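Just below is one structure, and these are the notes that go with it.
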Amino acid sequence: EPEVTQTPSHQVTQMGQEVILRCVPISNHLYFYWYRQILGQKVEFLVSFYNNEISEKSEIFDDQFSVERPDGSNFTLKIRSTKLEDSAMYFCASSEVQGQGYGYTFGSGTRLTVV
Amino acid sequence: AQSVSQHNHHVILSEAASLELGCNYSYGGTVNLFWYVQYPGQHLQLLLKYFSGDPLVKGIKGFEAEFIKSKFSFNLRKPSVQWSDTAEYFCAVNPNQAGTALIFGKGTTLSVSS
C-alpha cells in the first residue's frame, strides 16, 4: 500500500534555529498538507498546497513557516526561527483529489522538540 | 469558531467490552465527518467517514459510527473491543464548503487490557 514518508522521525533543535521537515507524498497525489499536534492537544491544520502554491493556510501558519516542493517528490515544511511552542508532532498528508478528508493519507509524523 | 469535542480523554476497557466514544461538533451547516485511529508509532489511518446518506456508517475492523444531526454528534462504537484496538482515536470534521482543512478533536486514548 502506498505510504507517505516523513523524515526525520524525531528532531531536536535549539530555539532560534531553522528546521526543515521532509515529506515524500504518494507519487500520483496532487494535494499536500501539513498538520501539527502539540502534546496533549488536538491535531491542527497548518497549510495545504496544490500546483506549486499554497491553497489554504491557518492562523498558525505565520511568516515563520514556509512550504516548498523543491523537486517532483519532496514536500517540505520550514520553520525559520523555532520557538519553544513549536515543539509538536508534525504530520504530512497527501490526497489525489481535493481534500475534505476523503482520500487523505497521513505520514507517521516528525516529532519536533525545541530546547 | 468551528470546533470538535471529544469528551473522553482516556478510556480503559477489558477485552470483549463494548465501546462508545463521543464526538460533538459545532457547525450548523453540512459537514463531512471522520474517525481516524493512530496505533502506537504509526500514522493516522481512516476508520470511517460520513458524507451523506445512511447516518449509520460502518468502517474497518468492526467499528461503526452514527451521525445524529440534531445532536451534532458522530459517536464511534464497537460491540466488542480487542487488545489490538489500543490506540488513539480522533474525530474530525470538514465543513462542506470551499477549503480542505480537517478540524480535529483532541483525541481519545483507548487502552484495552487482555
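For the condition more than 11 Å from chain B (Cβ to nearest Cβ) and without any contact (Cβ under 8 Å) to a residue 24 or more places away in the chain, A:Asp86 does not qualify. The criterion of being facing chain B (nearest Cβ under 8 Å), on the phi < 0 side of the Ramachandran plot and at pLDDT 90 or above holds for A:Phe45. Pairing each residue of region A:15-42 that is away from chain B (no Cβ under 12 Å) and over 14 Å from A:Tyr104 (Cα atoms) with any residue that is surrounded by 13 or more Cβ atoms within 10 Å (Cβ to Cβ) and aromatic (Phe, Trp, Tyr), provided the two are 6+ apart or on different chains, yields C-beta distances under 7 Å for A:Leu21/A:Tyr90.
Among the residues of region B:46-61, the ones that are surrounded by 15 or more Cβ atoms within 10 Å (Cβ to Cβ) and not charged (D, E, K, R) come to 7 in all.
Among the residues that make up region A:20-27, is at least one of them closer than 28 Å to B:Trp35 by Cα, among the aliphatic types (A, V, I, L, M) and at pLDDT below 90? Checking region A:20-27: not a single residue is closer than 28 Å to B:Trp35 by Cα, among the aliphatic types (A, V, I, L, M) and at pLDDT below 90.
Considering region A:57-74, the residues that are within 17 Å of B:Ala101 (Cβ to Cβ) and either of a type outside the set (Asp, Glu) or at pLDDT below 90 (or both) include one that is surrounded by the most Cβ atoms within 10 Å (Cβ to Cβ), namely A:Val67. The number of residues in region B:46-77 that are among the basic types (Lys, Arg) and under 11 Å from the mean Cα position of the chain (by Cα) comes to 2. Select from region A:91-110 the residues that are crowded, with 16+ Cβ neighbours inside 10 Å and away from chain B (no Cβ under 11 Å) and write down the one among them that is modelled with the lowest pLDDT. Among those residues, the one meeting the criterion is A:Ser94.
Can you tell me which of B:Val93, B:Val57 is within 11 Å of another protein chain (Cβ to nearest Cβ) and among the β-branched types (Val, Ile, Thr)? Being within 11 Å of another protein chain (Cβ to nearest Cβ) and among the β-branched types (Val, Ile, Thr) holds for just one of B:Val93, B:Val57, which is B:Val93. Within region B:8-48, the set of residues being free of Cβ contacts under 8 Å to residues at least 40 places away in the same chain and either in contact with a strand residue (DSSP E or B) (Cβ under 9 Å, 6 or more places away or on another chain) or farther than 14 Å from B:Ser84 by Cα (or both) comprises B:Gly28, B:Gln42, B:His43, B:Gln45, B:Leu46, B:Leu48.
The values are calculated or read from the model by the stated rules, or taken from the named source; none is laboratory data. Just so it is clear, the model here is predicted, and its values are computed rather than measured. We place every Cβ from the backbone using ideal geometry, glycine too, and count neighbours over all the protein chains shown.
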